[in-house]
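The values are calculated or read from the model by the stated rules, or taken from the named source; none is laboratory data. The model shown is predicted, which means the values in this text are computed figures rather than measured ones. All Cβ positions, glycine included, derive from the backbone under ideal geometry; neighbour counts span all protein chains shown. Only protein heavy atoms, including side chains, enter the accessible area calculation; ligands, DNA and RNA are left aside. Shrake-Rupley method; radii C 1.70, N 1.55, O 1.52, S 1.80 Å.
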Amino acid sequence: MASGKGSNGPHNVVFDMDDSDQQRATETRGSSCETEEDGNKPTYCVTDVPPWYLCIFLAIQHYLTSLGAMTSVPLILSEGLCLQHDTLTQSQLINTGFFASGLITLLQVTFGVRLPILQGATFALLTPSMAMLSMPEWKCPTWTQNASLVDTSSPLFVEVWQTRMRTLQGSIMVASLLQILIGFSGLVGFLMRFVGPLTIAPTVSLIGLSLYDSVGAKVGSHWGISAMTTALIVLFSQYLRRTPIPVPAYSRAKKLHTSKLYIFQTMPILLGIAVSWFVCYLLTISDVLPSDPAQYGHLGRTDVKGNVVNQASWFTLPYPGQWGMPAVSLAGVFGMMAGIVCSMAESVGDYHACARLSGAPPPPKHAISRGIAVEGLGSLLAGGLGTGNGTTSFSENVAALGITKVGSRVVILVSGVFMIFMGVLGKIGAIFTTIPTPVMGGMFLIMFGVITAAGVSYMQSTDMNSSRNIFVFGFSMFTALVIPNFITKNPDLLQTGVKEVDQVLRILLTTNMFVGGVLGFFLDNTIPGTKRERGLLAWDKGDPEDSTYAAGTDQVYDLPLGITSRLSSQSWVRHVPFCPWAGSGSGCVPEGSDAPQSERPLRGPDELSAL
C-alpha cells in the first residue's frame, strides 16, 4: 500500500497552508503529534478538529475520491441485473449506495474502529455477484439486451431484475452474518495468523483480472474516447501530480495572495472523466458521433441515456425492502462469504495504515474486532437497502490521509454526512449514469489495472528468489484463470445430481478470487517454508520506515459518550473481545519489535492510491 509519505514529493499536500492556518494547526494539534519530529507527521491527528471550512473542503475531497468505486460497482452490477437500458434504476442504485456508505461511515468512526476511514462499495463482493448472475438460471433474457424491446415500467421487466436483486440482497445479508460473528467474537486475530502475502496476493489480483471481459466491452464501444480518458488520467496522476495550480486565497496575515493547489494529485480520475465527458458532449452536439444505435461509437454520445436526469426525482429516501422481500440462495451465500473473507483481510491492513497516517497508535485487538463487526453490519445494512453490494474500508481514502496530512476523524464524519445528503438527492445519481460508456471503460482500464498490481505488490515482503513462492503464486494465479473459464464455457459438465450442490460449486469455482485464494492459502500453509521466506516475518515486524508511530494512548480507540469509563470498572469486560478495558491499550510498537501476529500491519489493496 502506498503510504503517501511526505518525502515522496516537494510538497505532497493538497495546498500550501498560509501562516494563520499553520499557527492554528500547531495550537489545535493533539499531544500525539507534538513529540514526533519527522517530516511525516500529520498536521491534524485523529482526535484533532480542524477549522470548519477545512473540514468541509476535505470532506468533499474524500467524497470525490470515492466516486470512482461508488459509481462503477453499481454500473457494472447493472449488467448482471439486466438493467443496461434502465438508467433511472441505475441512478437509484447509486443513490442507495451513497446513502448506505454514509450511514456506515458514521457508525464506523463513532463506534467501530474509531479511525478516520471511509466506508463504501467493495469489489470483493462484486466478483462473486457477477459469478452468481452469470449462472444459466440467472442469465438475462435475450430481449433485455435490446433497448427497443425494453419497457422499464412493465411488470415483466421489473420482476426480471428485482428477482435477481432480491436474491443478491438475501445472499449478502446472510454472508455478512459471518463477518459480524468473526468481529464480535474476536476470531479475526486468530484467522489472520494463517493468512499471508501468498494468500492475499492472488486473491486481490484476481479481483481486477476477473473483470477484463466486462471492461473490454466498454472500451470497445469507442476505442478513441476510451484511450483519451485513460491517457488523461495517466497524465494527471503520474506526470502532473506534483504540479501545483495557483489559486487566489485570503488570510489576515497575507491578505489577498495566491496559494498552490495540488489538484492533479488529489482528483486525477475525476478530472480525466470530466474532460472526456465534455469532449463527448462536443462531439454529440456537432453530430460527429453517430445517432444510429447500430453504428460504432454511438455509446460515446452524451444523450444516449435520454432524459434520465429530468425523470429522476429531486429527493429519494432508500429504505429496507424497497425492491421487495430479500430471498436467499445457498450458492450465493457461499460465494459472498468468499468475498467477505477477502474484504476482512483488506480492512485489517487499512486499519494499520490509517493509524500510521493519522498519528494514532497501532489499533488494539478490541478496535480491530469492532471495526470488522461494524463492516459486517454495514454489509447487512447495504444488503437490506438493496445496493446489491456490501461495504468495506476504502483504501484510496486511507492513502488520501497521507497526501493531505489531515487525519482527523471529524473530517470523515462530515464526509459521511455529505454522502448521506448526496444519497437522498435523486438527480445526483442520475447524473453519474449519463457518463458515456467508453469514458467509463477508459477509467476501468486504470482502476482494475491498479487493483491487479496492488495484489502483486503484496509479494514484496516475500522472498521472490524462492522457487517455493514462485510456484505457489504462479500456480494459484494461473489455475484461478483456467478453472472458472472452463466451467463457464462448459456449465453442464458440473453435475453431481443435487441441484443445490451444483449451484454452490458452480459459483465458487467460477469466482476467480476464491479459487486463487483457496489454492494460495492451502499451499502456503502446507508447503514447508520459513516465516522470512513466506513474508510473515516482515509482516510481524512491520515496515521499518513505517514502524515509528506517533506517541499516543489507547484512548483514541475508546468508545464515545463515556461508555469505556463506565465499563472499565467491570471485571467481565476484559472477556468481551470488542470492549476496551484498563490494560488493553495497544501502546506503541518500537522499531524492530515483534508485534502479535493478529496485529501485523497488513497492506490493504489500495485500488487507486497509485494514482
- [ ] Confirm whether Gly455 is open to solvent by 10 Å² or more (accessible area, probe 1.4 Å), closer than 21 Å to Ala201 by Cβ and either touching a residue at least 40 places away in the same chain (Cβ under 8 Å) or in a helix (DSSP H, G or I) (or both).
- [x] no
TODO: Please specify each residue of the range 64-85 satisfying the condition of being farther than 16 Å from Lys218 by Cβ and either open to solvent by 10 Å² or more (accessible area, probe 1.4 Å) or at pLDDT 85 or above (or both).
DONE: Leu64, Thr65, Leu67, Leu81, Cys82
Open item on the list: So Leu561 passes all but one of these: (1) among the hydrophobic types (A, V, I, L, M, F, W, C); (2) modelled with pLDDT under 85; (3) open to solvent by 70 Å² or more (accessible area, probe 1.4 Å); (4) assigned to a helix (DSSP H, G or I). Which condition number does it fail?
Closed with: (4)
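Quick check, is Ala331 over 30 Å from Pro246 (Cβ atoms), part of a loop (DSSP other than H, G, I, E, B), in contact (Cβ under 8 Å) with a residue 40 or more places away in the chain and small (Gly, Ala, Ser)? Talk me through it step by step, then tell me what you get.
Values: over 30 Å from Pro246 (Cβ atoms): yes; part of a loop (DSSP other than H, G, I, E, B): no; in contact (Cβ under 8 Å) with a residue 40 or more places away in the chain: yes; small (Gly, Ala, Ser): yes.
So Ala331 does not fit the description; no.
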TODO: Would you mind telling me which numbered condition in (1) of a type in the set (Ser, Thr, Tyr); (2) buried (at least 23 other Cβ atoms within 10 Å of the Cβ); (3) at pLDDT 90 or above Thr167 fails?
DONE: (2)
TODO: Give the residues of the range 418-431 that are surrounded by 21 or more Cβ atoms within 10 Å (Cβ to Cβ) and under 21 Å from the mean Cα position of the chain (by Cα), sorted by residue number.
DONE: Met419, Gly423, Gly429
- [ ] Kindly indicate whether any position in the range 121-132 is over 30 Å from Arg370 (Cβ atoms), in contact (Cβ under 8 Å) with a residue 24 or more places away in the chain and open to solvent by 20 Å² or more (accessible area, probe 1.4 Å).
- [x] yes
- [ ] List every residue pair whose Cβ atoms sit under 8 Å apart, with the two residues 6 or more apart in sequence or on different chains, where the first one lies in the range 41-60 and is part of a loop (DSSP other than H, G, I, E, B) and the second, anywhere, is surrounded by fewer than 18 Cβ atoms within 10 Å (Cβ to Cβ).
- [x] Asp48/Thr28; Val49/Thr28; Pro50/Thr28; Pro51/Arg24
Task: the range 103-120, residues that are assigned to a helix (DSSP H, G or I) and surrounded by 24 or more Cβ atoms within 10 Å (Cβ to Cβ) - done: Ile104, Thr105, Gln108, Val109
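Kindly indicate the residue of the range 259-312 that is open to solvent by less than 80 Å² (accessible area, probe 1.4 Å) and among the basic types (Lys, Arg) and also farthest from the chain's Cα centre (by Cα) among those meeting that condition.
Going residue by residue through the range 259-312, those that are open to solvent by less than 80 Å² (accessible area, probe 1.4 Å) are 259, 261-277, 279-280, 282-284, 286, 289-290, 292, 297-306, 308-309, 312.
Next, only the ones that are among the basic types (Lys, Arg) stay: 301, 305.
On the way: Arg301: 29, Lys305: 27 Å.
Here the residue is Arg301.
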